[in-house]
Amino acid sequence: VSLVPAREEQPRGSGRLAPADRRIRAARPPKEAVDPRRPLGVLWEEERTPDRGVVPALTVFLAGAECPFTCVFCDLWRRTLDGPTPPGSLPAQLERALAEAGEAGPARLSGALVKLYNAGNFFDPRAVPAADEGALAALVASFFRVVVESHPRLVGERALRFAAALGGRLEVAMGLETVHPRALPRLNKRMTVADFDRAAERLAAGGVGLRAFVLVGAPFVPPAEAVEWAVRSAAHAFARGAGTVALIPVRGGNGALEELAARGEWEPPTLALLEEALDRCVALGGGVAVADLWDLPRLARCPACAEPRRRRLARINLSGRTEPRIACGECGGG
Ligand code: SF4
Ligand SMILES: [Zn+2]
């Protein structure tokens with residue numbers, strides 16, 4: 001199996017992009033060089049699940065084709081290939097990743113969940129060649145749960161087929177982002193709340209789990225309403241069957257967000273916003289609400305309280321119980 005792309009390609013459809021896509025892409029800084037033979041990284045964490053308590057969770061970051069969508073807040077394209085994912089590349093990456101992760105992970109993988117995150121959509125055949133599905137499923141057969149990401153409009157037969165091929169249960173992570181009626185259409189995600197709901201129904205009918213990503217600090221949502229809309233969005237996702245809602249603080253750096261910031265249409269969220277959103281989403285009691293902490297150092301501006309506040313969020317992620325906020329004499333906890 002060749003691991004080398006057959007030819008260098010321009011990003012899909014670059015000649016016939018919609019004007020909004022073209023504008024967002026024109027603002028991008030350069031991509032990083034990505035090797036289709038190597039996973040981008042592996043990460044062991046602990047994660048609370050709706051049904052099994054706290055379990056070891058392995059995230060494998062796979063290198064693959066860029067997502068065909070052009071969401072205004074997204075920076076996942078930075079570490080993707082320009083062309084399609086070469087056939088055979090993902091199983092080879094996953095094999096390497098599991099070997100690497102195995103040395104640091106739990107003795108028995110049957111009690112662990114694995115996330116296969118490809119910085120795009122797992123059910124996009126350009127990102128995950130259909131011919132590789134069986135090999136990928138076989139490689140993760142010993143995990144009790146396998147989580148993959150997908151745009152709601154790409155959830156269909158293929159998701160059910162992949163679910164059937166797994167040893168454990170499939171869970172699909174979809175970005176709901178925000179249910180704010182004016183902000184969601186402007187995110188350029190080409191998705192409505194109804195699209196999300198339809199995909200959620202399809203997954204539930206097929207016995208597939210659902211996790212939702214909700215933005216904290218979404219562009220076009222007035223900053224004073226950021227927490228309120230994150231909570232409403234999480235409540236919507238839980239009502240549609242999401243077992244887990246991950247709150248993602250929007251991070252700048254993709255070019256488009258900086259342009260929106262200059263026009264007053266986006267403000268980077270603060271750590272306090274994320275804290276408030278998590279406290280309120282946990283209080284909803286609808287499922288597991290967690291704050292995504294991968295980029296926390298970028299949010300935390302005060303060296304005096306950054307670490308205790310990170311530890312507090314990490315504890316709430318695992319316990320599902322809120323705690324009093326950390327008081328800080330330096331910054332006042334902003
Ligand atoms: S669908 Fe997901 S990966 Fe694709 S551009 Fe939007 S946020 Fe990024
Ligand atoms: Zn502080």
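The values are calculated or read from the model by the stated rules, or taken from the named source; none is laboratory data. Quantities reported herein were computed from a predicted structural model and do not represent experimental measurements. Don't worry about glycine lacking a Cβ; one is built from the backbone with ideal geometry, like all the others, and counts go over all protein chains shown.
What to note about this one:
- Of ARG280, ARG321, ARG315, all but one fail to be farther than 22 Å from ARG232 by Cα and over 17 Å from the mean Cα position of the chain (by Cα); the exception is ARG315.
- Test for ARG52: is it touching a residue at least 12 places away in the same chain (Cβ under 8 Å), out of contact with any Leu (no Cβ under 7 Å at 6 or more places or on another chain) and surrounded by fewer than 21 Cβ atoms within 10 Å (Cβ to Cβ): yes
- Flag for ARG263 being basic (Lys, Arg), under 17 Å from the mean Cα position of the chain (by Cα) and surrounded by fewer than 19 Cβ atoms within 10 Å (Cβ to Cβ): no
- Set GLY156, GLY207, GLY167: member being touching a Ser or Thr at 6+ places or on another chain (Cβ under 8 Å) and farther than 24 Å from LEU274 by Cα: GLY167
- Residue selected from the range 280-307 under the condition of a type outside the set (A, V, I, L, M, F, W, C), under 16 Å from THR270 (Cβ atoms) and part of a helix (DSSP H, G or I), by the criterion nearest to ligand 2 (Cβ to nearest atom): PRO297
- Lone qualifier among ALA107, ALA131, ALA92 - being assigned to a helix (DSSP H, G or I) and either surrounded by fewer than 17 Cβ atoms within 10 Å (Cβ to Cβ) or out of contact with any Lys or Arg (no Cβ under 7 Å at 6 or more places or on another chain) (or both): ALA131
- Filter result for PHE144 (within 16 Å of ligand 1 (Cβ to nearest atom) and either under 30 Å from ALA107 (Cα atoms) or crowded, with 21+ Cβ neighbours inside 10 Å (or both)): no
- Screening ALA101 against (1) more than 23 Å from LYS189 (Cα to Cα); (2) buried (at least 18 other Cβ atoms within 10 Å of the Cβ); (3) modelled with pLDDT of 95 or more leaves a single unmet condition, (3).
- The requirement of being within 14 Å of ligand 2 (Cβ to nearest atom) and hydrophobic (A, V, I, L, M, F, W, C) is not satisfied by ILE248.
- Top-ranked residue in the range 228-255 [being surrounded by 22 or more Cβ atoms within 10 Å (Cβ to Cβ) and touching a Pro at 6+ places or on another chain (Cβ under 7 Å); ranked as nearest to ALA283 (Cα to Cα)]: THR244
- Residues (assigned to a loop (DSSP other than H, G, I, E, B), aliphatic (A, V, I, L, M) and within 15 Å of ligand 1 (Cβ to nearest atom)) located in the range 168-220: LEU187, MET191, ALA218
- Checked against the criteria, LEU274 counts as touching a residue at least 12 places away in the same chain (Cβ under 8 Å) and away from ligand 1 (no atom under 16 Å from the Cβ).
- Residue within the range 293-303 that is modelled with pLDDT of 95 or more and more than 16 Å from ligand 1 (Cβ to nearest atom) present: yes
- Test for ARG325: is it part of a loop (DSSP other than H, G, I, E, B), closer than 13 Å to ALA272 by Cα and more than 16 Å from ligand 1 (Cβ to nearest atom): yes
- Taken together, GLY286, GLY243 contain a single residue that is away from ligand 1 (no atom under 16 Å from the Cβ), within 20 Å of ARG52 (Cα to Cα) and in contact with a Gly (Cβ under 8 Å, 6 or more places away or on another chain), which is GLY243.
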